[in-house]
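Reading through the structure tokens given below for one structure.
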Amino acid sequence: MSGIKQLAGQTVWYGLSNIGGRFLTYITTPIITYLVGSRAGQAEMGTYTVLYAYIALLNIIFTYGFETAYFRFSNKEGISQRSLFQTAFTSHIISTVCFVFLISLFRVPIGDFIGVEGHYSYILWCLAIIGFDTLCVIPLAKLRKESRPKKYAFVNLAGIAVYLFLTIYFLAYLPETAAKSTGWLHGWYAQQTKTGLLLKANLAQAMVTFILLFKEWRSIRFEFEKSLWRQLWRYSSPMIIGGLAGMVNEVIDRQMLEKLYNGTVEDSKIQVAIYGYCYKLSVIITLFISAFKMAAEPFFFNKSQDKDALKVYARVMKWFVITLAIAYLFTALFLDVWKFIVGPTYRSGVGVVPVLLAANLCLGIYYNLSIWYKLADKMRIGMYISLFGAAITFFGNYYFIPKFGYYACAWTTFACYFLMMIVCYKTGQRMFPIPYNVKKLTAYLVSMLLLYFIHVGVGALTTSLIIRVLAGMILMSLFILLVFFAERKELERMPYVGPLVNRMMAKVARA
């Protein structure tokens, strides 16, 4: 129980960083979708969405799995923590400079390929963002390894606050200010695009994050231990292919939607923008998954030598699934309210949200399951599973986008993550068995879906927002009660939660 308490405590802090940070970021969703609602504006946001998908892919290449390798080798005997940090960070510095230089040489053909003809500076802005993000990876990993989630949270939130401030300023205040100006500001703003301004805001965020990590990277002496680097590379190299395949699963649907949608170029970009911003409504699950990953990876490695490690992993999975199920219902049952986060011209895509929520739930379970091949040093298995998922993503989108548009993207994403989850579980139980309570986990997920479809039925019978919301509250309460009675004994043993449960049951008994 103490292990789970430690993990929960760290998840809270990483959650504050991720949830708070994402919350600040997602404040920009209504700002952008309400202020940029014209067809031309939507098309620009489609370009911005596609650019960020490419940034996500390049981040895998720039970091080449050294973050996970850092955690893995920091727990091995005979490895100097100082040498490990210096070698990993120096490697990132050298490779980042080389990658940025080489890609910038080909920015014109790259810009033509991804559809930003005439705006080749976008490529340079993106490279600068990726470069600073990469240089933050190992220092941030060091904070996580040293169990310093408060500093981690502060650094990330500060950077995101800068992004939020600049986004609001650039989109809401700068146009009017520039229009009134007769000096350089008027001329400068006239040359800007909304996509370019948002990229500049993102670059400012990356730079602030890097500067705030000064204490972590100021000790760099460009020491490079070749033998240690080779060990890190052997461990992490499969993650480049696996990571690229995994990121393909997450973001390539935007690029394929833009290329394969059966409409004009502007229509395609608008569809990407609608899909991309409705995707953000599934934020609650992705937030928790992100926070959990930050805390869980070092926790699982540190716990791996304990006798009860496998039981702890199984218990963590149970509460992880329960939390994801609650997050799913919290979003799906109240989608009639959440849809107002995006502007009216973007709401046509809210139908994909429940599907994407289910897809991300499967992805979260997959991330939890994947610890087995990391602990067993079977990274190639993870690579093969990710490649399998990438194949599903590619062929599913290729065949169905022309007919079904962004609904094909959503359902293909669900199929991909669901099958990856199943394959990872089946393979793990053969090679590194962890005693998950599959029947109970399945019961929770089936109950979640049953309650959701009941709500869909209620929605089909009435258009009243009040009735739909009340129905959602009742169904949400039923699931929480189910968890309460099914897990009562374990809840009573939990710190902080246990006394509350005991007092509640005492009141029920007296009543």
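The values are calculated or read from the model by the stated rules, or taken from the named source; none is laboratory data. The model shown is predicted, which means the values in this text are computed figures rather than measured ones. Cβ sites come from the backbone with ideal geometry, for glycine too, and all protein chains shown count toward neighbours.
Quick one: which of A443, A415 is small (G, A, S), closer than 19 Å to A325 by Cα, in contact with a Ser or Thr (Cβ under 9 Å, 6 or more places away or on another chain) and part of a helix (DSSP H, G or I)?
Numbers: A443 fails: in contact with a Ser or Thr (Cβ under 9 Å, 6 or more places away or on another chain).
Matching residue, one of A443, A415: A415.
Among the residues of the range 40-52, how many are surrounded by fewer than 23 Cβ atoms within 10 Å (Cβ to Cβ) and either of a type in the set (A, V, I, L, M) or at pLDDT 85 or above (or both)?
The number of residues fulfilling the criteria is 2.
If you go through the range 227-239 one residue at a time, do you hit one that is at pLDDT below 80, out of contact with any Phe, Trp or Tyr (no Cβ under 6 Å at 6 or more places or on another chain) and polar (S, T, N, Q)?
If we filter the range 227-239 for residues that are at pLDDT below 80, which is where we start, we get 238-239.
Restricting the remaining residues to those that are out of contact with any Phe, Trp or Tyr (no Cβ under 6 Å at 6 or more places or on another chain) gives 238-239.
Restricting the remaining residues to those that are polar (S, T, N, Q) gives none.
The answer is no; no qualifying residue exists.
What pairs can you find where one residue is in the range 146-165 and free of Cβ contacts under 8 Å to residues at least 12 places away in the same chain, the other is basic (K, R), and their Cβ atoms are less than 9 Å apart, with a gap of 6+ or different chains?
From residues that are free of Cβ contacts under 8 Å to residues at least 12 places away in the same chain, the pairs are R148/K142; K151/K215.
Would you point out which residue out of C362, C409 is crowded, with 24+ Cβ neighbours inside 10 Å and either among the β-branched types (V, I, T) or in contact (Cβ under 8 Å) with a residue 12 or more places away in the chain (or both)? Explain how you work it out, then say what you get.
Values: C362 fails: crowded, with 24+ Cβ neighbours inside 10 Å.
Result of the check over C362, C409: C409.
What is the one condition in (1) over 27 Å from the mean Cα position of the chain (by Cα); (2) assigned to a helix (DSSP H, G or I); (3) at pLDDT 80 or above that T463 does not satisfy?
Checking T463 against (1) over 27 Å from the mean Cα position of the chain (by Cα); (2) assigned to a helix (DSSP H, G or I); (3) at pLDDT 80 or above, the one that fails is (2).
What are the residues in the range 412-432 that are touching a Cys at 6+ places or on another chain (Cβ under 8 Å) and surrounded by 21 or more Cβ atoms within 10 Å (Cβ to Cβ), if any? Before you say what the answer is, go through the steps one by one.
The first filter runs over the range 412-432 and keeps only residues touching a Cys at 6+ places or on another chain (Cβ under 8 Å), leaving 414, 417-418, 420-421.
If the condition is that a residue be touching a Cys at 6+ places or on another chain (Cβ under 8 Å) and surrounded by 21 or more Cβ atoms within 10 Å (Cβ to Cβ), then F414, Y417, M420, M421 are the ones that fit.
Can you tell me which residues in the range 430-460 are polar (S, T, N, Q), under 19 Å from M473 (Cα atoms) and modelled with pLDDT under 95? Spell out how you get there, then give the answer.
Within the range 430-460, the first condition is being polar (S, T, N, Q), and the residues that meet it are 437, 442, 447.
Right, trim to under 19 Å from M473 (Cα atoms) and you get 447.
Once the filter is applied, which keeps residues that are polar (S, T, N, Q), under 19 Å from M473 (Cα atoms) and modelled with pLDDT under 95, the range 430-460 yields nothing.
Which of the residues belonging to the range 313-330 are surrounded by 20 or more Cβ atoms within 10 Å (Cβ to Cβ) and more than 14 Å from I365 (Cβ to Cβ)?
Once the filter is applied, which keeps residues that are surrounded by 20 or more Cβ atoms within 10 Å (Cβ to Cβ) and more than 14 Å from I365 (Cβ to Cβ), the range 313-330 yields only L329.
Looking only at the range 114-147, which residues are surrounded by fewer than 17 Cβ atoms within 10 Å (Cβ to Cβ), under 26 Å from the mean Cα position of the chain (by Cα) and assigned to a helix (DSSP H, G or I)? Show your work before the answer.
Step one: list which residues in the range 114-147 are surrounded by fewer than 17 Cβ atoms within 10 Å (Cβ to Cβ), which gives 117-121, 124, 146-147.
Now restrict to residues that are under 26 Å from the mean Cα position of the chain (by Cα): 124, 146-147.
Listed by number, the list holds a single entry, L124.
Answer yes if at least one residue in the range 234-247 is at positive phi and surrounded by 15 or more Cβ atoms within 10 Å (Cβ to Cβ), and no otherwise.
Within the range 234-247, none of the residues are at positive phi and surrounded by 15 or more Cβ atoms within 10 Å (Cβ to Cβ).
Looking only at the range 235-245, decide whether some residue is part of a helix (DSSP H, G or I) and over 28 Å from Y64 (Cβ atoms). Give the steps one after another, and end with the answer.
Step one: filter the range 235-245 for residues part of a helix (DSSP H, G or I), giving 235-245.
Now narrow it down to the ones that are over 28 Å from Y64 (Cβ atoms): none.
For the range 235-245, residues part of a helix (DSSP H, G or I) and over 28 Å from Y64 (Cβ atoms): absent.
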